[in-house]
Amino acid sequence: MQTVETLTYKDGVLTLIDQTLLPVELRKIDCRDLESVWEAIKMLRVRGAPAIGIAAAYGVCVGLQTAGTNPSKEAFFRRLDEVIPYLASSRPTAVNLFWALDRMKAKAESVRAAVETGAEVFALLEAEAREIHEEDRRLCRAIGRYGAELLKDGDAFLTHCNAGGLATADYGTALAVFFAATEAGKKIHVYADETRPLLQGARLTAWELLQRGIDVTLICDNMAAMVMRQGKINGVIVGADRIASNGDTANKIGTYGVAVLAKHHGIPFYVAAPFSTFDFTLADGGGIPIEDRDPKEVSHGFGKQTAPDGVAIYNPAFDVTPAGLIAGIITEKGVIAPVDRETIRKVYE
Ligand code: MRU
């Protein structure tokens, strides 16, 4: 099942669906320079941890085009040292961004001594970015296959934010599980949290599931407890932006609350993510940097003022769900359960 073509790259131009316009308008934009790639990530035109990583990898190529035709190898590497930290400054939480940039940097360094011109490195970096993109397609399908085994025919699952094709190369992580279960012939129902303040659940998840003909019911975030108590939910699956070595998981703000509610109601809470979302440098979730975003996202949701001028606003974009609340992490190598340091290592290795 092909879902959406979130981003493409050709001849130095990164083309992506402008996700801020959905669901009203499906429009693609071209990023022709480094600044427009940075802006697209910062403003969530492209968003979701794996998609941010892919965009950043292609962003390196967009930013190196001119240097890529410069015969001087030194000039190429000087530009690389500007481009990578600049892209890394766009958003702090999704580790896939840094993972992809590190991988691009390592690729360039691995051939530094052997090549004569920047153009040779540029060609290798374009191939590496394409490989990161293709890999993500494969990982998402594997996650879908493993996750689908956790769902029974007739189940209803809740999801928060958007971890679908729009957030990845094309198939998703949490939503991949629903796509794969449907492909396997299971009839499932999805409840989508609207996901304040930027409404990724309402705008993107509901849109993607409708596009694919999957039954979806949209609820406001504050309805999840009631829906669970009414016995309508068999499980929860969400994506992740960064997972620490012990399984503590950062995901869209509100995820932690959903996990607490699921625990209270005895409902299994799963995370679906590739290993590129794990940060093994962090012992636990305490060290995960949480992005603080513009207060206007809370006070002026989509242009309309909904809070009085001058009110203090706190707008963290992510929260951390402790590993103890997570029944399993669905990865491309299988389902990690129980979620602890040892089991994560075992599945990874
Ligand atoms: O701020 P966003 O929209 O980039 O946040 C996205 C999420 O929190 C997703 O759940 C996460 O990145 C996983 S996407 C497969």
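The values are calculated or read from the model by the stated rules, or taken from the named source; none is laboratory data. Note that the structure is predicted; figures quoted are calculated from it, not measured. With ideal geometry, Cβ positions are generated from the backbone for all residues, glycine too; neighbour counts draw on all protein chains shown.
Would you check if there is a residue in region 297-315 being buried (at least 17 other Cβ atoms within 10 Å of the Cβ) and of a type in the set (Lys, Arg)? Among the residues of region 297-315, not one is buried (at least 17 other Cβ atoms within 10 Å of the Cβ) and of a type in the set (Lys, Arg), which makes the answer no.
For region 226-247, the candidate set comprises residues that are touching a residue at least 40 places away in the same chain (Cβ under 8 Å) and surrounded by fewer than 24 Cβ atoms within 10 Å (Cβ to Cβ); within that set, the residue that is farthest from the ligand (Cβ to nearest atom) is LYS232.
From the list ILE237, ILE233, which one is in a loop (DSSP other than H, G, I, E, B) and among the β-branched types (Val, Ile, Thr)?
Values: ILE237 fails: in a loop (DSSP other than H, G, I, E, B).
Residue meeting the stated conditions: ILE233.
Just the residues that are in a loop (DSSP other than H, G, I, E, B) and either in contact with a Phe, Trp or Tyr (Cβ under 6 Å, 6 or more places away or on another chain) or away from the ligand (no atom under 14 Å from the Cβ) (or both), please, taken from region 140-188. GLU149, LEU150, LEU151, LYS152, ASP153, GLY154, ASP155, ALA184, GLY185, LYS186, LYS187, ILE188, listed by residue number. Given the structure, is ILE233 under 20 Å from LEU158 (Cβ atoms) and over 18 Å from the mean Cα position of the chain (by Cα)? Taking the combined requirement at face value, the residue satisfies it.
Determine whether region 276-283 contains at least one residue that is assigned to a loop (DSSP other than H, G, I, E, B) and at pLDDT below 95.
Narrowing region 276-283 to residues assigned to a loop (DSSP other than H, G, I, E, B): 280-283.
Going one step further and asking which of them are at pLDDT below 95, we end up with none.
Checked against the condition, which is being assigned to a loop (DSSP other than H, G, I, E, B) and at pLDDT below 95, region 276-283 yields no hits at all.
Within 11 Å of the ligand (Cβ to nearest atom), outside any loop (DSSP other than H, G, I, E, B) and not assigned by TED's automatic domain parsing to the domain that holds LEU44: does that describe ALA262? So ALA262 does not fit the description; no.
When region 82-121 is filtered for residues that are farther than 26 Å from PRO274 by Cα and crowded, with 23+ Cβ neighbours inside 10 Å, the ones remaining, listed by number, are GLY118, VAL121.
What number of residues within region 43-70 satisfy the criterion of being of a type in the set (Ser, Thr, Tyr) and within 15 Å of GLU135 (Cα to Cα)? Steps first, please.
First pass over region 43-70, keeping only residues of a type in the set (Ser, Thr, Tyr): 58, 66, 69.
Of the ones still in play, those that are also within 15 Å of GLU135 (Cα to Cα) are 58.
The total comes to 1.
When region 207-225 is limited to residues that are in a strand (DSSP E or B) and over 21 Å from the mean Cα position of the chain (by Cα), the one that is farthest from the ligand (Cβ to nearest atom) turns out to be ASP215. The set of residues in region 20-53 being within 11 Å of the ligand (Cβ to nearest atom) and either in contact with a Leu (Cβ under 6 Å, 6 or more places away or on another chain) or among the hydroxyl-bearing types (Ser, Thr, Tyr) (or both) consists of THR20, VAL46, ILE52, GLY53.
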